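The values are calculated or read from the model by the stated rules, or taken from the named source; none is laboratory data. The shown structure was predicted, so the numbers you read here are calculated from the model rather than taken from an experiment. Heads up, the Cβs are rebuilt from the backbone with ideal geometry, glycines too, and the neighbour counts pull from every protein chain shown. Each accessible area value is taken on the protein alone, full model and side chains, heavy atoms only, with ligands, DNA and RNA left out. Shrake-Rupley method; radii C 1.70, N 1.55, O 1.52, S 1.80 Å.
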Amino acid sequence: DPKESRVLHNFVDASNVILPLLPYPHEYERKTFSPPSYNALNILTFVTSGFPIGINIPNYEEIRSEIGFKNVSLTNVINASAISRESLIFLNDEDAEIVIKYFNEADNIGTASHELYGHGSGRLLHKSDVENGQIKDLLNPSRTVTTYYEENQTAEQTFGGIFMAFEECRAETSALYLSFFDEVLDIFEISKDKKYREDLTISGILGMLHAGLKTLLCYSPEAHKWKQAHAAARFAILRACMIWGRGSVSVVKEMTPDHQTTFRLVFDRNN
């Protein structure tokens, strides 16, 4: 899709502007960012029970960091994603209306940010990176980083099955974070109206929090295990907002008129 791809090409070309927006010191960023090809594709057929809306390939960090990677957004899959009042069962009418109104724009930006800068940024710190004692500990800046990965060691080898949930959590939160910046919204030619942009960002956050509840379908109580990495990541983001969000996000139990138990996601926009 040449029209949609043009915006994605511009997003790639702006890496020198976008990467410094991410909330960590430059020492945590890759020494070089190899600009990938990033195109928008329209899918004719997808013979599978589930399909992605964007892809960052290959899924091998040692290749992505040393050689590079490719991205695609599946434009007509994004635009065909089902979004309706009935599908947003945990939101009140006002919040659901915001998600529906901005869904396509927010999902398009979120997908691109997730794939390109969520999966495509940051680096693993190896012994050679930390032995000079110059990299500050993110959680305690008075200390320096002293732990590291061995050469050729990967995060997946280290953390096993939970690694992909961490990776998807990193990509999802990177996408939400970048949606606050005009530098990103300008590239996607979003209306300059301040209220419009605020609502667009809020819609992406609400959509993520709602997905955190809905994706509990992907958790197996019998096995005590998540069956899908994206689902685990979105639930983790919801839980993090509930625990550390200073009251901005909560989930309350309610009764329907026919005395059925349901749950409602309560979102305090001003907090």
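General remarks:
- Protein heavy-atom surface of region 1-141, 1.4 angstrom probe: 56% of the accessible area is carbon and sulfur, with nucleic acids and ligands not counted.
- Solvent-accessible heavy-atom area per residue, rounded to whole Å², over region 155-271 at 1.4 Å: 59 Å²
- The C-alpha atoms of the chain define a longest principal axis, and helix 194-214 lies at about 90 degrees to it.
- A 1.4 Å probe run over region 34-94, with the rest of the protein chains in place, finds 61 Å² accessible per residue.
- Length-normalised contact order of the chain in % [C-alpha pairs under 8 Å, at least 6 apart]: 17 percent
- Packing-based order for 251-258, 233-240, using average beta carbon neighbours within 10 Å, highest first: 233-240, 251-258
- Anisotropy class of region 192-271 from Cα gyration tensor, a/c 1.5 cut: oblate
- Rounded Å value of the spacing that divides the Cα centres of region 29-108 and region 128-152: 33 Å
- Coupling constants for region 60-69 follow from the phi torsions by the Karplus curve (6.51 cos²θ - 1.76 cosθ + 1.60, θ = phi - 60°), and in residue order they are 10, 4, 5, 7, 4, 7, 8, 10, x, 7 Hz; glycine and proline get x.
- Charge dipole (debye, nearest 20) of the chain; +1 at Cβ of Lys and Arg, -1 at Cβ of Asp and Glu: 320 debye
- Split the accessible area of region 196-271 by element, probe 1.4 Å, and carbon with sulfur accounts for 57%.
- Summary of packing: across the peptides 98-110, 174-186, 13-25, the per-residue average of other C-beta atoms within 10 Å ranks them, highest first, as 98-110, 174-186, 13-25.
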